[in-house]
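Asks: This is the structure, below, for whatever I ask next.
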Amino acid sequence: MERQAQTRLELIEAAERLFIRQGFHPTSLDAVAAQAGYTKGAVYSNFASKEDLFFAVYERRVAAFLPELERTLAGTDDIRAALLAVTSAHRARREREPDGWLAVFLEFWTYVLRHPEHRARFAEIHARYTEPFAQALSCWAEEQRVELPLDPRRLTVASTVFALGMGLERLTQPELIDADSTVEVQRLWLDGLLAQARRPV
């Protein structure tokens, strides 16, 4: 059982490297097997398809990120500062792989739009990532004693899409969208959200 778990992990790590380097569509299961030092049969004994393998990569990345996010949000009384710190950490991580994960993530997202059988799983993993932000936004509103203009989950989805869009623009217009732009605009967004929020009578 332990050996099977190790094989699965090594295949996920190999797939992540190839997806980031080559993209989702060009990466074959044969290439993943070879990269990890296994046969293609080992891939199929652990994953139902290339899509299943990509989901495993995505799930692992989210699972690795969530403890860091939860520690950041739980370890401060200044939720606004914590949210900005998380955005800054994301920016730093993307600088280390500037055109890798974001590019393949967006490639897979558009693929899912054309293959509805994968939408529920994609949405479920994505919700795991965004839910702590929505909870933090709710706590922030309570801390400021305001009512948010929209449901925290909707606001979080909007903020996440904005950050992804900024990252995408950075890939194509790095001279316009520099490394600090996402954090600065996120700060403006939070301040604008507070200005639009209503204080209960």
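Asks: All but one of (1) closer than 30 Å to ALA14 by Cβ; (2) at pLDDT below 85; (3) out of contact with any helix residue (DSSP H, G or I) (no Cβ under 9 Å at 6 or more places or on another chain) hold for LEU164; which doesn't?
Replies: (3)
Asks: Considering each of VAL57, VAL43 in turn, give the residue that is of a type in the set (A, V, I, L, M), modelled with pLDDT of 95 or more, in the same structural domain as ALA123 (by TED's automatic domain parsing) and buried (at least 18 other Cβ atoms within 10 Å of the Cβ).
Replies: After applying the criteria, what remains is VAL57.
Asks: Follow-up. Any residue at all in the stretch 133-145 that's at pLDDT below 95 and part of a loop (DSSP other than H, G, I, E, B)? Please lay out each step first, then the result.
Replies: First, pick out the residues of the stretch 133-145 that are at pLDDT below 95: 133-145.
Narrowing further to those that are part of a loop (DSSP other than H, G, I, E, B): 145.
Looking for residues that are at pLDDT below 95 and part of a loop (DSSP other than H, G, I, E, B), one finds at least one in the stretch 133-145, hence yes.
Asks: Within the stretch 113-122, identify whether any single residue is surrounded by fewer than 18 Cβ atoms within 10 Å (Cβ to Cβ), of a type in the set (A, V, I, L, M, F, W, C), more than 29 Å from LYS50 (Cα to Cα) and in the same structural domain as THR87 (by TED's automatic domain parsing), and answer yes or no.
Replies: Taking the stretch 113-122 and keeping what is surrounded by fewer than 18 Cβ atoms within 10 Å (Cβ to Cβ), we get 113-117, 119-121.
Those still in the list that are of a type in the set (A, V, I, L, M, F, W, C) too: 113, 120.
Keeping just the survivors that are more than 29 Å from LYS50 (Cα to Cα) gives none.
Looking for residues that are surrounded by fewer than 18 Cβ atoms within 10 Å (Cβ to Cβ), of a type in the set (A, V, I, L, M, F, W, C), more than 29 Å from LYS50 (Cα to Cα) and in the same structural domain as THR87 (by TED's automatic domain parsing), one finds none in the stretch 113-122, hence no.
Asks: Same structure again: Please find, within the stretch 32-60, the residue that is farthest from PHE19 (Cα to Cα) out of those that are of a type in the set (A, V, I, L, M) and within 22 Å of the chain's Cα centre (by Cα).
Replies: That would be ALA56.
The values are calculated or read from the model by the stated rules, or taken from the named source; none is laboratory data. Keep in mind it's a predicted model, so treat the numbers as computed, not measured. Here Cβ is always computed from backbone atoms with ideal geometry, including for glycine, and neighbour counts include all displayed protein chains.
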